[in-house]
Each structure stands twice: as structure tokens, then as C-alpha cells.
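Written below as C-alpha cells is the structure these notes are about.
The values are calculated or read from the model by the stated rules, or taken from the named source; none is laboratory data. All of these numbers come straight from a predicted model, not from anything done at the bench. Cβ placement follows ideal geometry from the backbone for every residue including glycine, while neighbour counts extend to all protein chains displayed. Accessible surface areas use protein heavy atoms only, side chains included; no ligands, DNA or RNA. Shrake-Rupley method; radii C 1.70, N 1.55, O 1.52, S 1.80 Å.
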Amino acid sequence: MSKIVQMILSGIFFTFILDFFLFLGIKENYIDAHGIKLYYNILFADNQNIFVFIIFTLIIGYVVMYLSNKTAIIIVSTLFLLSASTLIPPIGSFAGEILFMKKDITMRTDKFSYHGDILYSGRKKVTFYDHELKKVILLDKKTIQGSY
């Protein structure tokens, strides 16, 4: 097998592991903490950025294949610790807020207007925290007027 193919495969392998722990921490400390009904597989599949994944795959693959073992271990271990740090509740919650939360949004349906924060925008529903009701509500994307 050529070194380039090995580089790409090892990069995919390590990037997948880092990605898994990143989304696991977000699922436990942001999604579950807000009571959002969402399976891990859907969260993981729907929120992948292919360009970021490819860039990390190439960088990590290069580090693993072409740098010294000591340097590669230090870099990959550091990236693993950063990714796994989302398992710490404040860090996982903060990462989830950065990725998913949109603050101070006004949403309108045919009958009502809501003002609050979008906690998560899924495939068919938007999980929304309404400041006036002081509770989390689910809005069907088909009934929302305009863009958010």
C-alpha cells in the first residue's frame, strides 16, 4: 500500500475517533441537558462538516505518517484530550452552544410569535426556548414563517 493511502486511512481513523468524542460530549452535556429528544447517530450524521473532516484527516494523517513517533504521539494525544474535554459538563455545554444555539431569535407561525433561543434545529423540528413562556417548545419547520 502506498504511503499516501496509508496517510489518508490513518487520518480518517484518528479523525473519526476525535469526532466521536466531540459529539459524545455535546450529546451528554448539551443535547441531553436541555431535554432535546435526539439520537446520537442523527446528531453525529447531520452535523458533520465534510470540509473540516477532510482537512483534519489530511493533517492528522500527515502527522501520523511523516513526523517522528514522539511528535505524532504528542500532537494526536493533545487533540484527543481537547476532543474528550467535551465530556466535562461546562465544556460540552459551551461547545454545544457554539455549534447549535442561536440567541434572541423571533419566530413566527400562522397563529403565534415566539421570542427566545433556538437550542437545536433538527431535520423536521426546531427546539426553541421561549423567554415569555419560560419553557422549551418544539416547532415544526413547515409551520415557521420566514427564515431564522
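Structure notes:
- Tallying residues that are under 30 Å from Asp117 (Cβ atoms), open to solvent by less than 40 Å² (accessible area, probe 1.4 Å) and assigned to a helix (DSSP H, G or I) within the range 36-89 yields 6.
- Subset of the range 67-88 (residues that are in contact (Cβ under 8 Å) with a residue 60 or more places away in the chain and within 17 Å of Gln6 (Cα to Cα)): Val76
- Scanning the range 98-123 for residues that are of a type in the set (Lys, Arg), within 15 Å of Ile36 (Cβ to Cβ) and modelled with pLDDT under 90 yields a single hit, Arg123.
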